[in-house]
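Below is one structure, written out as structure tokens, with a few remarks after it.
The values are calculated or read from the model by the stated rules, or taken from the named source; none is laboratory data. Every value quoted in this text rests on a predicted model; they were computed, and no experiment measured them. In this analysis, Cβ positions are derived from the backbone assuming ideal geometry, glycine residues included, and neighbour counts consider all displayed protein chains.
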């Protein structure tokens, strides 16, 4: 998998806007390193062979 | 709580005297500890008088009759503010009790107040910008954290301000403060205890459970709160066993697996030594000990972060749009991260969860319980960002969550209990993990350990 490019404040702003959040450049810059780390770690999940695994919702109603 | 309940029932102490004594302790110690958000002094004294009148009339509700307690401030309490540790809900006064608060009231308990917490339960440090940072009662040298998010519960029980509490646990929020404060805290199986009327952090990871001084007291509280609740669709209809009767003190023949990689082997050296010594004590008591590794837990931190961030944002989105300035900074940042997790990533995380559930189930198919540290480190100083574990430097927040979060992810019951102290006098926590709905065996093991050790009886000098 290719290494993720550095995420820009502009791309964060567009993604946040899709969720209905209008955060300022300063607010997005403050969380940009944490988002970068989160997305890089989420990419690690792609390496797992999960194709046919049924996702759980953890409900164990017995 | 068991001992206090017995003394009340046999009229050796009056519930009114007990409540007055605890209110005096709160007045003396809580300005430093910051464990309480609300103290219900008048209502508690009124409840104590009523409990005493019932007792004198020969009516005893059960073993918790006349015993005071206090929940984390995210349990709805009729007529009493329920803030979630937030400014946003500072003026929120529920019209009804949460299911478990109502069950404990029916058991004859006395609500003493509401306890401090990390804002909206979203942090393992237990810090709070609105109501003050709870101080660990064992921290004589510096302001050390009590652990979170149920920080007030950990500090209040450890300092003897209240004999028992209910915390909530999404990534370790019962077991982390239990570990850092030297008390016993049980996260039951997902579905064992109703969360109706409890503010959520992440619905699919949230658990509620008791925080007390011993496994016996946890058993007593769990017996009062466990069981099906139509108001919580995740609760199980499985009958609630007699948890007190399960505490036989006998672990002969029980198969105990010591979790090595990621857990014990990754802990700070004093924690590792204490947990290994606890395992050895159980082996000497007749348990059959072996070692086990869970291969997939390395993925839990990322996958559970994706799930919690998504679910928490779903709950908080409206407030986050309208009142972002009213969140404390670290919680606001964590909530905002949820906007950058997409649906496919959330489902991937749930797929990993299915694999982790299966792996823990398989480890427990050949064993009765698993052992691990509850936290791989003792209480850090407030504001400390990095620590050293057995496998190198680690972010403190990640370290605090490391050993507990896998069992929120998998839903298995897990109990934290003290198993030693560092050279600096800070508690070290052991974690016992069991099969789904087998809290009885988990509590049996912790109780047996507490019969042959005295760690859980030690008290901080400040208390």
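Per-residue answers, yes or no, for (1) within 14 Å of chain A (Cβ to nearest Cβ); (2) in a helix (DSSP H, G or I):
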position: B:239; (1), (2): yes, no
position: B:251; (1), (2): no, no
position: B:279; (1), (2): no, yes
position: B:306; (1), (2): yes, yes
position: B:312; (1), (2): yes, yes
position: B:333; (1), (2): yes, yes
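Checking the conditions here, which among B:151, B:179, B:139, B:92 is farther than 25 Å from residue B:65 by Cβ and without any contact (Cβ under 8 Å) to a residue 24 or more places away in the chain?
Result: B:92 is the single residue among B:151, B:179, B:139, B:92 that is farther than 25 Å from residue B:65 by Cβ and without any contact (Cβ under 8 Å) to a residue 24 or more places away in the chain.
So in region B:174-196, with the set limited to residues that are in contact with a helix residue (DSSP H, G or I) (Cβ under 6 Å, 6 or more places away or on another chain) and more than 15 Å from residue B:442 (Cβ to Cβ), which one is farthest from the other protein chains (Cβ to nearest Cβ)?
B:182
Here are some residues: B:45, B:23, B:89, B:64. Which one is part of a helix (DSSP H, G or I) and surrounded by 18 or more Cβ atoms within 10 Å (Cβ to Cβ)?
B:23 is the lone residue from the list that is part of a helix (DSSP H, G or I) and surrounded by 18 or more Cβ atoms within 10 Å (Cβ to Cβ).
Search region A:21-49 for residues that are in contact (Cβ under 8 Å) with a residue 24 or more places away in the chain and pair each with any residue that is surrounded by 15 or more Cβ atoms within 10 Å (Cβ to Cβ) when their beta-carbon atoms are under 6 Å apart and the residues are at least 6 apart or on different chains.
As it stands, the answer is A:35/B:340; A:36/A:7, since those pairs meet every condition given.
Please work out if residue B:159 is buried (at least 24 other Cβ atoms within 10 Å of the Cβ), closer than 26 Å to residue B:431 by Cβ and touching a residue at least 60 places away in the same chain (Cβ under 8 Å).
Working: buried (at least 24 other Cβ atoms within 10 Å of the Cβ): yes; closer than 26 Å to residue B:431 by Cβ: yes; touching a residue at least 60 places away in the same chain (Cβ under 8 Å): yes.
Against the criterion (buried (at least 24 other Cβ atoms within 10 Å of the Cβ), closer than 26 Å to residue B:431 by Cβ and touching a residue at least 60 places away in the same chain (Cβ under 8 Å)), residue B:159 qualifies.
Inside region B:384-434, can you point out the residues that are out of contact with any strand residue (DSSP E or B) (no Cβ under 8 Å at 6 or more places or on another chain), over 28 Å from residue B:256 (Cα atoms) and not in a loop (DSSP other than H, G, I, E, B)?
Across region B:384-434, the qualifying residue is only B:397.
I want to confirm something. Restricting to region B:373-384 and keeping residues that are buried (at least 18 other Cβ atoms within 10 Å of the Cβ) and out of contact with any helix residue (DSSP H, G or I) (no Cβ under 6 Å at 6 or more places or on another chain), which single residue is farthest from the other protein chains (Cβ to nearest Cβ)?
The extreme case among them is B:378.
Pick from B:423, B:440, B:416, B:399: which is under 15 Å from residue B:174 (Cα atoms) and either over 19 Å from the mean Cα position of the chain (by Cα) or away from every other protein chain (no Cβ under 14 Å) (or both)?
B:416
Name the one entry in A:48, A:18 that is closer than 23 Å to residue B:202 by Cβ, more than 14 Å from the chain's Cα centre (by Cα) and either modelled with pLDDT under 90 or surrounded by fewer than 14 Cβ atoms within 10 Å (Cβ to Cβ) (or both).
Result: A:48 is the single residue among A:48, A:18 that is closer than 23 Å to residue B:202 by Cβ, more than 14 Å from the chain's Cα centre (by Cα) and either modelled with pLDDT under 90 or surrounded by fewer than 14 Cβ atoms within 10 Å (Cβ to Cβ) (or both).
What about residue B:261, is it away from chain A (no Cβ under 14 Å), surrounded by fewer than 16 Cβ atoms within 10 Å (Cβ to Cβ) and either in contact (Cβ under 8 Å) with a residue 60 or more places away in the chain or not in a loop (DSSP other than H, G, I, E, B) (or both)?
No, not satisfied.
If residue A:56 passes every condition in (1) modelled with pLDDT of 90 or more; (2) surrounded by 15 or more Cβ atoms within 10 Å (Cβ to Cβ); (3) at the interface with chain B (Cβ under 8 Å from one of its Cβ atoms) but one, which one does it miss?
(1)
Can you go through B:153, B:173, B:168, B:179 and tell me which one is in a loop (DSSP other than H, G, I, E, B), modelled with pLDDT of 95 or more, touching a strand residue (DSSP E or B) at 6+ places or on another chain (Cβ under 9 Å) and crowded, with 24+ Cβ neighbours inside 10 Å? Walk me through it before giving the result.
Numbers: B:153 fails: in a loop (DSSP other than H, G, I, E, B); B:168 fails: in a loop (DSSP other than H, G, I, E, B); B:179 fails: in a loop (DSSP other than H, G, I, E, B).
Selected residue: B:173, the only one of B:153, B:173, B:168, B:179 that is in a loop (DSSP other than H, G, I, E, B), modelled with pLDDT of 95 or more, touching a strand residue (DSSP E or B) at 6+ places or on another chain (Cβ under 9 Å) and crowded, with 24+ Cβ neighbours inside 10 Å.
One line per residue, one yes/no per condition, for (1) part of a strand (DSSP E or B); (2) within 11 Å of another protein chain (Cβ to nearest Cβ); (3) buried (at least 22 other Cβ atoms within 10 Å of the Cβ):
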position	(1), (2), (3)
B:338	no, yes, yes
B:346	no, yes, no
B:352	no, yes, yes
B:359	no, no, no
B:363	no, no, no
B:370	yes, no, yes
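Checking the structure you have, find out if any residue of region B:399-419 is touching a residue at least 60 places away in the same chain (Cβ under 8 Å) and surrounded by fewer than 22 Cβ atoms within 10 Å (Cβ to Cβ). Break it down into steps so the answer makes sense when it comes.
Here is the first cut: in region B:399-419, the residues touching a residue at least 60 places away in the same chain (Cβ under 8 Å) are B:400-409, B:411-419.
Then keep just the ones that are surrounded by fewer than 22 Cβ atoms within 10 Å (Cβ to Cβ); that gives none.
Taking every residue of region B:399-419 in turn, none turns out to be touching a residue at least 60 places away in the same chain (Cβ under 8 Å) and surrounded by fewer than 22 Cβ atoms within 10 Å (Cβ to Cβ).
If residue B:316 passes every condition in (1) more than 22 Å from the chain's Cα centre (by Cα); (2) touching a residue at least 60 places away in the same chain (Cβ under 8 Å); (3) more than 12 Å from chain A (Cβ to nearest Cβ); (4) part of a helix (DSSP H, G or I) but one, which one does it miss?
(3)
For region A:8-41, give me each residue that is facing another protein chain (nearest Cβ under 9 Å) and under 17 Å from residue B:330 (Cβ atoms).
Of everything in region A:8-41, those that are facing another protein chain (nearest Cβ under 9 Å) and under 17 Å from residue B:330 (Cβ atoms) turn out to be A:23, A:27, A:28, A:30, A:31, A:34, A:35, A:38.
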